[in-house]
1. Could you check the range 18-44 and list, in sequence order, the residues that are under 18 Å from residue 1 (Cβ atoms) and modelled with pLDDT under 95?
2. All but one of (1) surrounded by 13 or more Cβ atoms within 10 Å (Cβ to Cβ); (2) touching a residue at least 24 places away in the same chain (Cβ under 8 Å) hold for residue 20; which doesn't?
3. Could you tell me how many of the residues in the range 38-47 are farther than 14 Å from residue 18 by Cα and either surrounded by 15 or more Cβ atoms within 10 Å (Cβ to Cβ) or free of Cβ contacts under 8 Å to residues at least 12 places away in the same chain (or both)?
4. Return yes or no: is residue 63 assigned to a helix (DSSP H, G or I), closer than 14 Å to residue 2 by Cα and modelled with pLDDT of 95 or more?
5. Of all the residues that make up the range 29-56, how many are in contact with a helix residue (DSSP H, G or I) (Cβ under 9 Å, 6 or more places away or on another chain) and within 15 Å of residue 12 (Cβ to Cβ)?
6. Going by the structure shown, is residue 56 at negative phi, exposed (fewer than 13 other Cβ atoms within 10 Å of the Cβ) and touching a residue at least 24 places away in the same chain (Cβ under 8 Å)?
7. Please specify each residue of the range 62-77 satisfying the condition of being free of Cβ contacts under 8 Å to residues at least 40 places away in the same chain and in contact with a strand residue (DSSP E or B) (Cβ under 9 Å, 6 or more places away or on another chain).
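The values are calculated or read from the model by the stated rules, or taken from the named source; none is laboratory data. This is a predicted model, so every value here is computed, not measured. Cβ atoms come from the backbone with ideal geometry, glycine included; neighbour counts cover every protein chain shown.
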């Protein structure tokens, strides 16, 4: 079971890989660290989390999306195919 709890800029990503699902939350914080919004997710694959959750929440910021994906891979999340 893989787990991640990371912050990057204004974004906070927490997720667990439980069986065949990746469940977690992504939050947007203001400059003071207070939470502005929180989105829960439950996806099957790493790329689904990246494409359906992280990319839209970051407003299409490819650099942050790519960096968060790399952090998830380092934490043990993988794409099965």
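1. 18, 19, 20, 21, 44
2. Going through the list (1) surrounded by 13 or more Cβ atoms within 10 Å (Cβ to Cβ); (2) touching a residue at least 24 places away in the same chain (Cβ under 8 Å), residue 20 breaks only (1).
3. Qualifying residue count, the range 38-47: 0.
4. So residue 63 fails the test.
5. 5
6. no
7. Within the range 62-77, 74 is the sole residue that qualifies.
Let's see how each residue does on (1) part of a strand (DSSP E or B); (2) in contact with a strand residue (DSSP E or B) (Cβ under 8 Å, 6 or more places away or on another chain); (3) under 16 Å from residue 78 (Cβ atoms):
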position: 14; (1), (2), (3): yes, yes, no
position: 17; (1), (2), (3): yes, yes, yes
position: 22; (1), (2), (3): yes, yes, yes
position: 33; (1), (2), (3): no, no, no
position: 36; (1), (2), (3): yes, yes, no
position: 40; (1), (2), (3): yes, yes, no
position: 51; (1), (2), (3): no, no, yes
